[in-house]
Every structure is written in structure tokens, then in C-alpha cells.
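Since every read-out is calculated from the coordinates, none of them should be taken as a lab result. Please read these numbers as outputs of a predicted model, since none were measured by experiment. Glycine also receives a Cβ, built like all others from the backbone with ideal geometry; neighbour counts cover every protein chain displayed.
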Amino acid sequence: MMKLRLARPEWLIDINDLRELDFILRNGDVLRVGAMTRHATLLESAEVSRLFPIVSDAERVIADPTVRNRGTIGGSLCQADPAEDLSTVCEVLRGSAVIRGPRGERVIPLTEFHQGPYETAVAQNELLTEVRFPIRPRSGSAYEKVERRVGDWAIVAAGAAMSLADDGTMDDVAMGLTSVGLAGTVTEAEDLLRGKAPSEELFVEAGRIAARACDPVADQRGPVDYKRHLADELTRRVLRRAAVRATDSQEG
Amino acid sequence: MQISMTVNGAEVTNVIEPRVLLVHYIRDVLRLTGTHWGCDTSNCGTCVVLMDGTPVKSCTVLAAMADGRDIRTVEGLAAGGTLDPVQQGFMEEHGLQCGFCTPGMMLTARALLDKNPHPDDGEIREAISGQICRCTGYATIVRSVKWAAEHPRLSDNEQADAGPSEEFADTIPAEEVRS
Amino acid sequence: MTTITEAPENVAAEGAHHPANPAAGDADRPVGHGRLQRKEDPRFVRGKGRYVDDLALPGMLHGAILRSPVAHARLVSVDTSAALAHPGVVAVITGKDLQGLGLAWMPTLSADVQAVLATDKVRFHGQEIAFVVAEDRYAARDALELVEVEYDILPPLTDVRKAMDPDAPVIRDDLEGRTDNHIFDWEAGNKAETDAVFASADVIVSQEIVYPRVHPAPMETCGAVADFDPVEGALTLYETSQAPHAHRTLFAIVAGIPEHKIRIVSPDIGGGFGNKVGIYPGYVLAVVGSIVTGRPVKWMEDRSENLMSTSFARDYVMQGEIAATKDGKILAIRTNVLADHGAFNSTAQPTKYPAGFFHIFTGSYDLKAAHCAVTGVYTNKAPGGVAYACSFRVTEAVYLVERLVDMLAHRLEIDPAELRIRNFIQPDQFPYANKTGWEYDSGEYERAMRLSMEIAGYDELRREQAEKRARGELMGIGISFFTETVGAGPRKHMDIVGLGMADGAELRIHPTGKAVVRISVQSQGQGHETTFAQIVAEEIGIPPEDIDVVHGDTDQTPFGLGTYGSRSTPVSGAAVALVARKVREKARFIAAAMLETRPEDLEWEKGRWFVKGDPSIGKTLAEIAMGAHGTVALPEGIDGNLDAEVTYDPPNLTFPFGAYICVVDVDPGTGHVTVRRFIAVDDCGTRINPMIIEGQVHGGLADGVGMALMQIIEFDEEGNCLGGSFMDYLIPTAMEVPDWETGFTVTPSPHHPIGAKGVGESATVGSPPAIVNAIVDALSPLGVTHMDMPCTPARVWAASQGRARPPI
Ligand SMILES: Cc1cc2nc3c(=O)[nH]c(=O)nc-3n(C[C@H](O)[C@H](O)[C@H](O)COP(=O)(O)OP(=O)(O)OC[C@H]3O[C@@H](n4cnc5c(N)ncnc54)[C@H](O)[C@@H]3O)c2cc1C
Ligand code: FES
Ligand code: FES
């Protein structure tokens, strides 16, 4: 932003030295990721990819390895670019954001974190310090992005996560979309799927709902009809993959 | 503001404007012009340097953010008079044409090999995927990195020694023209 | 004619084995042609390349250009007072200031004029408005934001198809008497004859084929450091130029500085691809800045400036038609083309050929008739149209014919390889006069085609495709067979702004037998320092490392037109071979004097003249050089050195060719294309350094992937350039390109001294049709017969839905 002369801040505080915000910790059934954790660290973490394969799916297609060596989860979420991938990931994982300011710390669900393009719930005098993810048994997640070229921002991407009950039905399921003007997750489809056993018919229906729920705009990456089609197509794909992963999952 | 860092093994300290990008600091202040600049949007990777051993785009890092860090540029790749195997590999396998992307490519390759001494083609391509080369079509770069992997340097803990210099270019020893 | 078929090199992915060069012949020859590591590499791998931006002259200032944010507007006012007051700013130059100096407009390389800084109107988004000169780059850019400009917005013309509408806004009202946007009409071939053949043909395939606007985007942007010495009245200009001599002559004309007082230096160039052929306002402004301030001035453009304002390429809307018999004999081809030249006609085509060599669009086929007509028009877009291998519109021509032939194969249900083979010009037909005026020098097309099919495993691929299609998977195999016309060119036919396209070369052998060869062409990464040393080495038998190649400095090198259009090897390569032969002949006379025998009694072996029948008596070139500079009594008419110079005027162009096969997979759900394999068989005649040739081919293939899949400079309705950054103008990374599989055949050019044809642009020319043909082939089960580039996921998906649209 500064380099493109879109921003000229009066003060610039380098928080790269806040190494205490660079951590990945498991506390019982919560995974805590510090805001200064780099993309590269997330991608390389075996624990993260075992618990939340969606994170590795996404991290593999965020920017490029050199950018991933610098970019952080906190920076990504706070930048709040509409085409940013980790927001969708965090939302479908039902993550929450820990925000610290002069008046202490508050925790909000990720779905309330973003308040429009380039706007978040973090106030001027606050800092995002960590993101927390609930760890659930028999869960699976997946992310898929269509891009014009490796390293490009998403034309459209979709993420899904689900956890299975003992009877194999979906205890909880979440679907999100990147770059198509969708605030939060696809709740209508989630409500439809919750409590039912994963099936191709349901996923097809969920895809249809997702395509309807989003509000893409035409740009150089593609026209509206194509983006809606991708919302549908990718939602089906990630649900299928998440279901297979949930079924195979050993984590209890 | 005053910043200090280690560049190719040498301590440097300068007073700079806070907004100066690391790439401009390296090129204009330290006069190490092997690090290039090629885009406004962090997409091209001609500016890649190693920061604490990790490849970063120096156009996307403020010089101030490199304060206290260890920076290595292409000028610091050769140890003493000996070329890094990566440099040798690029010459052996025609991994460069115009040479503009080459410093960044070689530094990324060096970091990759330090982490993964025997990368396969896919891993090499992935590693350099944030860096554009307009000349080579990449295949010879991949071969160059593999050449380097197959010819590791004898002593891996040699220290790089090329500090900042005022020179524009040095003369090239004739015996290295053909090998 | 001798031809040699070789087993393919690098067939396997493991790739890095390098067979000896067949053209080099006997392996025991110590020097000359063959694989050789590049002489320029040691400086580049150490970070010691010398690019324009690396230069820092004492007292040097930095310039930055203010550019228009709108595409078409009357310039009401430019207020520079705040910018001038900014700390660090030394000068701010506007169009008005230049008007006073007579420098507001400059001639283009196509007999048009271009604004250096706008005075009356702005005519494209990104046009130059003012030039700030300051103590450092940051201050200069800060001050840009302080220049106040008032615009009176005019309706922009962005749709080339509307350029000739009666109500279209007239862009070039600066030109006397201009009432429309027409630049030129140009045609080749015989229209009546072609129409007659079409009228009686069994099958006609017609298609509008668009080659969208793309940009060469070398990694180094354009820039210059101007250093004007007011005492001497002399200018030294370090410049990112592919053609320093032509630039010097133009600067002499533009700036009124006597030509002998101008020195242009092109140091190392970070890629050109045609982008650095033209003269840009920035270069002129750096010069003006230096004259005005009395200090050296550096101007280095940003990436967005490079993409928005410097020479683009293509932008051809081609209405193409091909006629054939129903059993697959191609009869004729014709096309009408609408060419978008942007706001100023600053392309660099030979004067006689405003559409370059587009009339090579008859391809590699033996036709009865052909006709093309090209209309060039102005639009409110960046000027240019020369650039991006191939500079002379061969790329558009090859794309057109290869797409049409593929569509014809589809229509006739004949395998596209088979259809091509049936229609190739046969080896015994060369030299072949095509229907638009070219004389193809040499070719053996079927052999190259068969070799590429063999490397690809063509039949096996078709079987795999059939199986995949049965499962609903989209796999495509695309072929392109191209013939290029490069090495411009004969002086009697070809000039750029009146400068004939011949090249000089000078060779000096120093007394100790080391040599320096001075050439007029300029390397942008092609490895001239190595290739040209090898050409000399081959001819006079001293090793390449003993030969210094000097280029890129007008004070040090003979006149010549520069590097583009793959002309370095065909033209300067010939000049260098001939100058070496001249030295060799001179050496013979001196050797004869030294050996006290007659020149005709001497025989040459590499590096040495010896007495026929007694090889033990002879003189090496070094001994002869020492003799020439020493005290040997020289024969009549031989002066005391071993130097020579020539200017080579090529008798004809050269016609490299190649057979390319591309295999793609298309994801039917997303439209995403994966280029799985790419097989390229090239024939560039004699191969000087196979390693460098392979590198040239690889680079061009990646270019092709870029153009076919992702590159386009688009404009919105207001004329805003949408491709102004590497975020929007996409260049392939290592992930989008496969491991190239290359092979070659050797069919030397009969008229070139060493039989070399040039290869710099072959792959850029030949690969896009192969990729697009493969994608259309993949989509053909869905009823798709054509789609235009770029084949982005969105566009491929739309095509798969039966809604393929042109990109412009
Ligand atoms: C070439 C390129 C391609 C990219 N492609 C993608 C992509 O495909 N998908 C994708 O998701 N992302 C992409 N990105 C973004 C990238 O992933 C970075 O993570 C992102 O730019 C944030 O970088 P950063 O962590 O350095 O944050 P910064 O740039 O340092 O910060 C971004 C913003 O967030 C604020 N901020 C940062 N941390 C905090 C905090 N802890 N609390 C409060 N505010 C904070 C900063 O003040 C600033 O306003 C791309 C970036 C580049 C350069
Ligand atoms: S200059 Fe292009 S990524 Fe840094
Ligand atoms: S060698 Fe020219 S850009 Fe890579």
C-alpha cells in the first residue's frame, strides 16, 4: 500500500519484532495461532496440516513461497482484502480472533471480524494477537482455489469443514467462499446439511445454494456467471474432499 | 533514522529515511547493484535477498525492518574466490540469459538447497514460483539448481565475504570463461 | 544441399545431455561452433552485470514522469509551482517548455510524430505530461503528486472496430488536415486470383481471429542516464536500447546535436524482446533534463509505466479464410486485418512494409493464391506495435494460418498433422516463391514434422486422448508448423526511417594473435559475446576465449541497425563470418611473404596457413599477426595489420521453421488449462552454439504459454489500461510451463555465409498456435471450433459453454 503510494502513514510501527506473537500452540481442544505466525510456518506445521488440512490446502496457493516467508496470518486477516484466502479458512474452521487494546483483550468470532473490504473489527489502537481454532474429533476440511496463474489472487475459492458424529452424520459443517462478495459462511447450506449423512446429492444442493448466496462482481478474472458457477463447482469439490478427510480422520 | 545490519558478513550502519525500501538501501546506499528491481507489486522476485537465511522480496521489506538482521545478496554468494555451486550450476546449465532475474533465482536456490539438498523438479519449480524469468523458460534454471545439488561445495561452512563495495564491476578471471 | 537429421536432444525430462553439434562436424576441431559456456556469465552470476540502473555518475539527478490518468482529453493547464518548490526538486519540464526548444514532438520509427510531453491533448492513458528532475528518486516521485493538471475530458476511442466510424473522435487532430483515424492500407498477393480460387473451392473455412494486445515486459524496464557536456556540446547517453546506432542517428535529428558528438552506450540489457527498439519520450526527457540542469540525469521507469506506455505488440483483428478441396489440398488463403496502432504510429517496420512481414501468412504450404489487406488505425491507446518477438508481425501471420489450417482439418475430419504434411512445400521446390512475394531459402518440412511426432509419440497420444474422451475428460493435442522470415534485410528493399538494414563488423587481430571483433548489434541476453566469438573462432581458428566481442557502444562499434526480428545471426553473424574470412585471406598474403612463397601455394587449416604438400611449413595466425605488425616485407597492396571491416547487405531473408506439438489437459469444471507437454523441433540452419539455441527456444516457448493462457493488455470503456502491473498482466512462472522437449533438424540457408538462419523469435512465433490448437482440440467434443487468446479459466469455461467471445 505504501509502495504503491496508496497510503502514507504518519507512524509506522514494525511489529515484526514481536516474536512472542509467532507461535502455534495446542491447549486442549483449542489450537492457538499467534498473529505474527508466517504463512510459511503454517504451511510447514505438521500439526496444523493434520488437524486442519484446509490450512495447508490454502497456504499452498497463497501468493508464492517468497511472499509466504514474510506474510503473516494476522497481516492477512487485518488487510482484509476481499480476495484474501485465510479469512474463509478461519471462518469455516469456526475460528475466533483475539484482539488486544488499551482496555484489555476481547475475543470475537471470525465471522464478525470482517466488516467489509479492507475493514475489520480491530480498532486503531488495537492489535490482533492470535486466532483460535476449536479442535473437533472426526473432522475434515478442504480448500480449493481457481487462479489465473500460480501466485495470483483467487478468481474464486471455496473452503469447507465438517465434523462427524458417531453415527456418521454431520455434527457441524461450514462452507465459505473467497472473492465473491459473501459475508460470513453459507449458513443456508450449512443448516440444510447439518445432522445429515454426507452425500453427493446434498453436496450438489449445497453448491447450488452457495452459487445463489454469493454476490460476485465481474472483473479481469472473470464474469459473474463464471464466478457463480465456480462457487457451485468448488463448493461441491471441497465438501467431497472434507467428507473423505473427516471419515479418515483419527483425531479424537 | 539509524539502522545497522550485517550484509554479506560485514556490519553496516546508515542513517536513512524510514520509508526507504530494503532494495533501494542495498542498491543506492550500499551500491550493491546485483540485487535488482523489476516491479511495483511484489510479483517479480528480481529483488530477492536472503534475510536470516530466508529468501524475501527486498522491495517488500523496509530497510528499517532489516535492522539487526543478517542480509545476504548475490555479491555474498561466492565464498572467497570460489563460486557457490549454484553460481557454477547456472553457468554450466545455461540458467541465465540476460541475467536480470539471476541473482534472485540463485539466492532462492541457495536457500532451498540449504534446507533440502536434493530437491526434485517440482520442489525447485515451486521454490522459484514467485520469481519471473522472461528469458529462459525456467527449464535450464531447474537444471542449474540440480547441477548445484549434485556438486555440493566441499566445505559447507565457508563464510561469504563480499562486503559492500563501490565498484561497478570487477574484472573476470580468464580461466573461468571456459570450464 | 546438405542436410543432417539428428536424434532429438533432451527428449527425456532428465534432459541435460548435450550431443555434439552435427554442423560442427569433426570432434577434434579445437574451436568454433559447438556447445560452449557463455563468456558473459561470470559477471552475471557474481551480480556484476552492468545495467543502466546500476550506473551512478557523480552529481547525478533522478527524473520521473507525470503521466495522464485519462485516455483522451484536452490539456487545459499544467501548474508546476508546488512541485518546483518541493525540497530536492531541481527542475520541472512541461510540454510548453519543450515547445520552446522545438522538442515537444519527436519523429517515430514509422514516419509519424509522437509527443514527448503533451502540449495540446493527451491521447492515451499513461501519456507523458511533465518531467520532474530531483536529487533522488523518492523526491522526484513525491513532486509528481504536486503537479496540478487540468483536463477537459474528450470521448475516448478504444474499440478498434469503431475507429473508422464517421462519428469516431478524431485522435490526431495535431496532423494537418486529419479528419479520421486512418493510418494506412497495405496489401500483398493477388486479390482477383485469390477470389477466383476461393470461388471454385469445395470447402472454405472462415473465422475472425484476434491476436490481442500483449506486452514484451522484459524484467528490466526501460531507462536512460543522460550526461550532456555543455563545454564540448557532447552527449553521452546510457540507454536500454536494442538499436544504439539507429537511436544515435535519430537523436541527432531530434535533438539537433551533431551525430559525432553523441555517444550511445547500451550496457547490459535485462531482456528486450522488442520492447527496447523504439525511442521513448523518457530517453529524450533524460537528455533534456541533463541539458537544462547541467548534470547527469537518470530516468528509470516503473513497471506500470513500462506496461502502460512503452511498445506493445500485436492487436490485430484478422478476418481469415482458407480454401481447400474436399480431399484436403489447400488452395488459397486470404485475410483482411484491422491493426490497432494506438495513439501514435511508432512501430518500427521497414518503410515499404507498414504491416511488417505479415505477408508470410501463407505459412509452410504450397498454395495457388493468397491475398492479405491490412488497415492500420489510431486509437486512444499506448503507441507502438513493433515489439515482442517477432517484431515484424510474423507472429500474427503464423498464428492466423496455423489456426485456419487446424480448423480446416477439423472440418474435413483429417488429422491435423496429416493435413499439414500433405500440403507442405516440398524440398525440391526451394528456393520457393510464395504468392505474396517472398522467396523461401530452404526447407525440409516433413522431416521436422515427423521428428516432432516421433518425440511426442503422436499416435500414442491420440489413443490416450480417445480413451480420455470416452471418460468425459478433456485432453487436447495441438500442432503448429511455422515458417518465419527473419534477418532483415536487403538494403534495396528494407530500411527503417531511411536507414538501410545492413550491418557492419570489424575484426582486429592483435600482434600476439588475440582478437577483438566489433559488432553493431546489441545483446539483451542472447549471448552475443559468446556466439560471435565462436563464429570468428570457426573461421580463423583461434579459440573463442581469445576473442573479445565489443558491442553496445556507438563510439566503439561500426554502424548497424540493431538486434530485433531475429536479425543478429542472419545479418551481423554473416558480417562477422565475412570479416573473419577477409582477415584469413589477408593472412594468406602475409604468410606467403613470410614463407617466401606464393599465396596460391598455401592451404588453410584451422588457425594456420601452410605450404601445400608440406604441412610442417606454415605460419599460425598469431605469427602472421606479429609479422604484419612487425618488420616482414609486405606484398604490394597489403598494409601492416591484420584487421578488416565489412558491411553486410543480406541478399535475402532467412526462413527458419519448426514443428511444435502441445498437449494440454482442461478441467471441465473450472476451465483451467494445464500445459502437460510441449515438443519443439526447430530448424534454424547451421547451429553455432546449441546450448544458446536451446535457451532461445525455451524462452520463446514460455512466452507462448504466457500469450496463449494469460497475457493481455486490456482497456476499459474509458480507455484506462487494465494491464498496468504484474498483478494484472500475468507472466508465466515455473509452475505453468512444462519441461520442454526439444529436437532439431539442420537445413542450412544457401545464401548465408555459414548457413545460419536465426532462432531468437522462432518459439515465440510458433508456440501460441500449438497451445490454442490444443485447447480447441480438447474442447472440440463440446462443439468448440475456435477460441481467442488469452485462454484464461473464465474464457475457456465460457467457450466450453458455447459462449466463446473475442477478447476485444
Ligand atoms: C504478490 C502477492 C500475492 C499475494 N497473494 C495472495 C493470495 O493469493 N491470497 C492471499 O490470501 N493473500 C495474498 N497476498 C497477501 C499476503 O498473503 C500477505 O499475507 C498479506 O499481504 C499480509 O502481509 P503481512 O503479514 O506482511 O501484513 P502487513 O502488510 O504488514 O499488514 C497488512 C495490514 O494489516 C495490519 N496488521 C498486520 N498485522 C496486524 C495485527 N496483528 N493487528 C492489527 N493490524 C495488523 C497492518 O497495519 C496493515 O494495515 C499476496 C501478497 C503479495 C505481495
Ligand atoms: S521488485 Fe518485483 S518483487 Fe521485488
Ligand atoms: S535471464 Fe533474463 S529474466 Fe531471467
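Remarks
- Inter-site label distance for C:Leu782 and A:Arg208 at 7 Å from Cα along Cβ, in nm: 2.1 nm
- Furthest towards positive pole of dipole, C:Pro790, C:Leu237, C:Gln801, structure part the protein assembly as shown, Cβ charges: C:Gln801
- Helical mean residue ellipticity (222 nm; -39500 (n - 2.57) per DSSP H run of 4+; nearest 500) of chain A: -9500 deg cm²/dmol
- Mean Cα-pair separation over length for chain A, i.e. relative contact order, pairs under 8 Å, 6 or more apart, %: 18 percent
- The residues A:His39, C:His672, when put in order of fewest to most other Cβ atoms within 10 Å, stand as C:His672, A:His39.
- Per-residue shielding of C:271-279, expressed as the average number of other chain Cβ atoms within 10 Å of the residue Cβ, stands at 2.
- Within chain B, helix-based [θ] at 222 nm, where runs of 4 or more DSSP H residues each add -39,500 (n - 2.57), nearest 500: -7000 deg cm²/dmol
- Set B:Lys115/C:Lys468; C:Lys352/C:Lys435; A:Lys227/B:Lys57; A:Lys227/C:Lys276; C:Lys96/C:Lys298; C:Lys39/C:Lys276 screened for pairs whose C-alpha atoms are more than 28 Å apart: B:Lys115/C:Lys468; A:Lys227/B:Lys57; A:Lys227/C:Lys276
- Neighbouring partner chain Cβ atoms per residue of C:127-139, average, 10 Å criterion: 1
- Cα gyration tensor, segment C:271-369 - rounded (a/c under 1.5), prolate or oblate: prolate
- Of the residues A:Ala142, A:Ala40, A:Ala165, the one that moves most in a GNM of chain A with alpha-carbon contacts below 10 Å is A:Ala165.
- Across segment A:113-243, the fraction of Cα-Cα pairs farther apart than 23 Å, rounded to a whole number, is 38%.
- Those lysines that a straight Cα-Cα span of less than 16 Å connects to C:Lys381, excepting residues fewer than 8 apart in one chain: C:Lys121, C:Lys162
- Averaging the sequence gap over all C-alpha pairs within less than 8 Å and six or more residues apart, then dividing by the number of residues, gives chain C a relative contact order of 17 percent.
- Overall, the protein assembly as shown carries a charge dipole of about 680 debye about its Cα centre when +1 sits on the Cβ of Lys and Arg and -1 on the Cβ of Asp and Glu, all other atoms neutral.
- Estimated from the Cβ-Cβ distance and a Förster radius of 35 angstrom, the FRET efficiency linking C:Gln426 and C:Asp185 is about 0.50.
- Relative contact order %, chain B, counting alpha carbon pairs below 8 Å whose residues are six or more apart: 27 percent
- Overall, the anisotropy analysis places chain B in the prolate class: the square-rooted eigenvalues a ≥ b ≥ c of its C-alpha gyration tensor yield a/c not less than 1.5, with a/b exceeding b/c.
- Put simply, when C:533-545, C:306-318, C:559-571 are sorted by average Cβ atoms within 10 angstrom per residue, most first, you get C:559-571, C:306-318, C:533-545.
- Label point of C:Ala199 set 7 angstrom out along Cα-Cβ; within segment C:297-333, amide nitrogens under 19 Å from it belong to C:321-325, C:331-333.
- Residues whose amide H falls under 5 Å from that of A:Gly95, counting only those 5 or more places apart or on a different chain, are A:Leu110, with hydrogens built in the peptide plane.
- Site pair B:Glu123 and C:Glu150 shows an inter-label distance of 6.5 nm when each label is modelled 7 Å from Cα along Cα→Cβ.
- Fraction in percent of alpha-carbon pairs per bin - 10 Å, chain A: 7, 32, 37, 19, 4, 0
- Largest-first principal axis extents, alpha carbons of segment C:82-124, Å: 41, 22, 16
- Helix-derived mean residue ellipticity, 222 nm - over chain C, DSSP H n ≥ 4, -39500 (n - 2.57), to 500: -8000 deg cm²/dmol
- Chain C: C-alpha pair distances exceeding 51 Å, %: 17 percent
- Cut-off 18 Å, label 7 Å out along Cα→Cβ of C:Ala633, residues of segment C:574-611 by amide N: C:589-599
- Cα gyration tensor shape of segment B:29-109, rounded if a/c is under 1.5, else prolate or oblate by comparing a/b with b/c: oblate
- Mean Cβ count within 10 Å, highest first, over the residues of peptides C:109-118, C:86-95, C:391-400, C:522-531: C:391-400, C:522-531, C:109-118, C:86-95
- Partner chain coverage, peptide C:734-745 - average Cβ within 10 angstrom: 5
- In this calculation the C-beta distance from C:Ala56 to C:Ala111 is compared with R0 = 35 Å, giving a FRET efficiency of 0.40.
- With Rh defined as the Kirkwood radius, the inverse of the mean 1/r over Cα pairs, the Rg/Rh of the protein assembly as shown is 0.97.
- Estimated FRET transfer efficiency (A:Arg106, A:Val30; beta-carbon r; R0 22 Å; 0.05): 0.85
- Under 17 Å of direct C-alpha separation, and excluding same-chain neighbours fewer than eight residues apart, C:Lys586 reaches these lysines: C:Lys514, C:Lys606, C:Lys619.
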